[in-house]
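Enquirer: Encoded as structure tokens, here's the structure I'll be asking about.
Since every read-out is calculated from the coordinates, none of them should be taken as a lab result. Computed from a predicted model, the values in this text were never measured in an experiment. So basically every Cβ, Gly included, is an ideal-geometry build from the backbone, and we count neighbours across all protein chains shown.
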Amino acid sequence: MIGKLARLPLRMVKKVARRIQADDARRNAEALSNAPDAPRAARRGPAIPEHELADLDPAEITLPATQLMGDDAVCFVDVRPADAGGPGLPDAMRIPVEELVIRLAELPAGQRVVVFDGGDGVAERAALFLRNRGLVQVFVMGGGLPAWQRAGGPVDGA
């Protein structure tokens, strides 16, 4: 089986892997929707395990929101939980932290990535996970979306 997989074009292997991820996510969502009495945290996707975090001080990879404004070379990633409502950054990728493990391949390679949250510290954990996975140009927006809004940054969906 592995020999057959190794002979397939990489493009096809990626499609198969994404299809498997999508099917798993759908099955997980169906299973969780059938358990409405389960705790909210248990209904989310896989948590990021401690051993998957880079051994860095989060302060080393935190950038102030004001420093990020007007930087077109940055890919912003909103890692707020899937059930978080409210405004977001225009053109930001929306990858809830509970889906980050399975959607890692969607992040742009070779581009600076800035993750942000609702100001609750979730982005720091996400950034440490991404750094540990080899994405060295990953940073955290200090203070999250609230800091961005206080600094006068544009938002959509308000």
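Enquirer: Could I have the simple spin-label model distance between VAL155 and ASN132, label points 7 Å from Cα toward Cβ, reported in nm to one decimal?
Expert: 3.1
Enquirer: So, counting K/R as plus one and D/E as minus one, what does the shell of residues with Cβ under 14 Å around PRO90 add up to? Mind showing how you got there, number by number?
Expert: Values: positive: ARG94; negative: ASP71, ASP72, ASP78, ASP91, ASP156.
Neighbourhood net charge equals -4.
Enquirer: While we're here: For a protection proxy built on the mean count of beta-carbon atoms within 10 angstrom, sort 106-113, 122-129, 75-82 highest first, please.
Expert: In descending order of packing, they fall as 122-129, 75-82, 106-113.
Enquirer: Hey, another quick one. In the neighborhood of VAL79, defined by Cβ-to-Cβ distances under 11 Å, what is the net charge if each Lys or Arg adds +1 and each Asp or Glu adds -1?
Expert: -2
Enquirer: Here's a follow-up. For ASP83 and VAL16, FRET efficiency with R0 = 22 Å and r from the beta-carbon atoms, rounded to 0.05?
Expert: So, using R0 = 22 Å, E works out to roughly 0.15.
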